[in-house]
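Below you'll find the structure, written out as structure tokens, and then a few comments.
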Amino acid sequence: MPSRGRPFSWLRNALLVAAVWLMAADVAHAVQRDIWVAAVPVVFDQVPWGLDPISGRVMTHEERFMNATIFRRTTANWRRPLRNADVSSQPRDQVPGPLIRARVGDTINVHFKNMEPPGGRAHSMHFHGVKYPPSSDGAFVPGVSGPDAEVMPGQTWTYKLRALSESEGVWPYHDHAPDMHHAIEEGMYGALSIIGKKDRWPDREFVVFFNTTHDFETINNRAFIRNTPTFRARVGERVQWSVLALGSAHHTFHVHGHRWVKGERVPVPEDTRTLGPAESFRVSWTERDPGTWLYHCHREDHMSRGMVGLYKVEPALKSLRKLKARRDAKLPNRRQPPTRPAPQPVKTPPPPADDGHDHEHAPPVGP
Ligand SMILES: [Cu+2]
């Protein structure tokens, strides 16, 4: 019946074109992200300051140093090591592994290489929160799993992940090869941070992993204030705490002087939240409380064994715009003749006082 079908087929074709166009527009929004990660043996210092500043206890060499294998972000084809995250997310490097950021709809290819020496252990990467085929699971099951779960020294594997709408949030990844329990204790873990298609990244993202090692209760595998990450922000910035736990204990995340809101329909303010092994959450607020604050696990036996850190909030740069305007006014105008007097050097404000450790004022990692 071609005569009856013709007008409808025209409409159908138009709708088909519109649907394809809309799908293409949606696909164009999604991005493929290639992340290069190496498993690298290191001697890891859990207490780089050497002591617990609160009790004054000095740590022994045996307590501080641990032979560990860690996840290290690298350039393409594992040529050159990179920082695992920018310093605002991770003031101390090495642990956790690379902060993997993506948007809902993105494809993430994690290219992994085990750089242990010949005869060393197998490693793998297993990701929570994202969609992947069984060959990207990375979990060792004898007789079932493939090379993704046992990447031998010198070998490589690419894990193919997709961020779905239900992937939005913060998720852990970790080694899941036969020796996973030792590897996680050593620090073979990291975070995926996934935001919605139209969301904006926070100004600061603080990644906090609660984990237990042989001698300490740790944050990002380091113990005691000034050894654990000192996070920094400025009044007016949108900060996000990405909190995760591994190991076998429950922990209670707490930040001094701050509250956040839980629940959307009925907002409930809270300043502590408990999480168990492999659980994770993110909380955020717009910073408005300058000062030096504690963040820690509120289990007191964990606090006393190292699970505590500092959070420093600088005042807002109220005069930033004025200062910039003044500086711009003093800059030489390129169109002016060279006979004009040379411009005076512009005074910039001194950098905020530092505790002698890593500087944490770089901009956050881009999406
Ligand atoms: Cu704890």
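The values are calculated or read from the model by the stated rules, or taken from the named source; none is laboratory data. The structure displayed is predicted, hence computed values, not measured ones. Don't worry about glycine lacking a Cβ; one is built from the backbone with ideal geometry, like all the others, and counts go over all protein chains shown.
For Ser248, work out the one condition from (1) more than 16 Å from the ligand (Cβ to nearest atom); (2) part of a loop (DSSP other than H, G, I, E, B); (3) surrounded by fewer than 24 Cβ atoms within 10 Å (Cβ to Cβ) it doesn't fulfil.
(1)
List the number of the failed condition for Arg305; all other conditions in (1) within 14 Å of the ligand (Cβ to nearest atom); (2) within 21 Å of the chain's Cα centre (by Cα) hold.
Going through (1) within 14 Å of the ligand (Cβ to nearest atom); (2) within 21 Å of the chain's Cα centre (by Cα) one by one, Arg305 breaks only (2).
Given the conditions (1) surrounded by fewer than 15 Cβ atoms within 10 Å (Cβ to Cβ); (2) in contact with a Lys or Arg (Cβ under 7 Å, 6 or more places away or on another chain); (3) closer than 20 Å to Arg73 by Cα; (4) not charged (D, E, K, R), which single one is not true for Val170?
All conditions are met except number (1).
If I filter region 214-233 down to residues being under 12 Å from Trp49 (Cβ atoms) and not in a loop (DSSP other than H, G, I, E, B), which single residue comes out as farthest from the ligand (Cβ to nearest atom)? Write out each step before concluding.
Initial filter on region 214-233 (under 12 Å from Trp49 (Cβ atoms)): 222-228, 230.
Now narrow it down to the ones that are not in a loop (DSSP other than H, G, I, E, B): 222, 230.
On the way: Arg222: 14, Thr230: 19 Å.
Among those that are under 12 Å from Trp49 (Cβ atoms) and not in a loop (DSSP other than H, G, I, E, B), it is Thr230.
On the given criteria, is Leu310 outside any loop (DSSP other than H, G, I, E, B), modelled with pLDDT under 70, away from the ligand (no atom under 16 Å from the Cβ) and surrounded by 14 or more Cβ atoms within 10 Å (Cβ to Cβ)?
no
Identify all residues within region 215-235 that are basic (Lys, Arg) and over 20 Å from Gly97 (Cβ atoms); write none if there are none.
From region 215-235, those basic (Lys, Arg) are 222, 226, 232, 234; that's our starting set.
Answer for region 215-235, where residues must be basic (Lys, Arg) and over 20 Å from Gly97 (Cβ atoms): Arg226, Arg232, Arg234.
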